[in-house]
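First up is the structure itself, then whatever we jot down about it.
Derivation of every value follows stated rules applied to the coordinates shown; laboratory data play no part. This structure is a prediction, so every number in the text was calculated from the model and none was measured. Note that we place each Cβ from the backbone using ideal geometry, even for glycine, and neighbour counts take in every protein chain shown.
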Amino acid sequence: MAAHLPETGAASARSTFARRVVAEGLGTALLLRAGGAQFLSEFVATFGLLAVIWGVARSRSTAVPFAVAAYITAAYWFTASTSFANPAVTLGRSASDTFAGIRPADVPGFVAAQLLGAAAATLLFRWLAPSLPERPGARCPAPGAHGGGVVNRVVFACLHNAGRSQIAAAFFNSMADASRARAVSAGTQPGERVHPEVVAVMKEMGIDLSKAQPQRLGLELARGASLLVTMGCGDECPVVPGARRDDWPLPDPKGLPIERVRAIRDEIKGRVERLLETEGWGPSGLAKKK
């Protein structure tokens with residue numbers, strides 16, 4: 001029965017275009033489609049397709065069908081692929097002796113190239129982001145959460161992880177509903193300690209950062225984050241697959257007069273409050289995200 005599936009598909013396709021089912025074109029394809037260039041095109045086309053699927057799925061899974069359609073349309077122009085990275089299409093076209101046909105003898109090469117391209121893309125993304133199978137909003141188990149719930153993970157990043165990002169993460173964790181979201185902070189060039197002026201102004205708010213230790217921002221720490229908020233690390237901040245990214249352009253409080261440090265602290269607090277309200281991560285649990 002399986003052996004007749006390609007013929008059935010070819011017949012259905014011809015019927016769709018009001019062509020005679022048993023007439024010309026239905027049968028074993030004779031068109032030669034082989035060679036390294038053709039198989040490389042299939043590999044590249046399939047690699048790109050899987051890369052698009054994995055990448056888009058991590059940020060917005062509902063957009064995958066549209067991304068796939070857009071990619072296949074584009075691949076028609078930038079590769080010589082004729083099966084659109086699809087083994088099923090390849091098999092079906094082997095039963096169509098038309099300009100679109102593929103000789104049965106060439107099918108194994110096509111399918112092998114497609115499978116290799118898919119495997120290469122999947123392995124690459126698993127290497128870049130081992131949490132790939134998770135829903136791309138990147139959620140992780142909530143430490144101590146009751147009922148096995150999950151929380152969103154937010155990463156605040158600045159240059160030295162000694163000022164702005166420490167303030168943001170501290171305010172976030174003090175105001176957020178721990179069953180919905182938690183934050184960590186890090187820096188691309190971590191300092192030795194949190195700036196004394198930052199410790200002082202946060203102490204005024206009842207938050208002790210005297211024992212907080214700056215840490216390096218790397219893919220390992222950022223992996224699994226649903227949101228990366230940068231504050232001054234610029235191009236040094238890593239790209240986190242699947243994570244949304246926002247930038248808060250705030251001055252470094254190091255060495256500034258205490259009044260300026262307080263102003264920076266208060267601005268960060270306001271931004272954190274708006275973030276919690278927008279995402280619905282506050283204690284009220286009211287999701288206001290649009």
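A few points about this structure:
- Relative contact order (%) - criterion: Cα under 8 Å, at least six apart; region: segment 139-279: 27
- Gyration tensor (alpha-carbon) shape descriptor, segment 243-283, a/c threshold 1.5: oblate
- Ranked by how many other beta carbons lie within 10 Å on average, peptides 114-122, 206-214 from highest: 114-122, 206-214
- For the peptides 164-175, 253-264, residues were scored by their other Cβ atoms within 10 Å and the scores averaged per peptide; the highest-first order is 164-175, 253-264.
- Segments 271-280, 153-162 sorted - mean Cβ within 10 Å per residue, highest first: 153-162, 271-280
- Per-q log10 I(q)/I(0), segment 160-290, q = 0.15, 0.22 Å⁻¹ (Debye; single scatterer per alpha-carbon; no solvent): -0.70, -1.45
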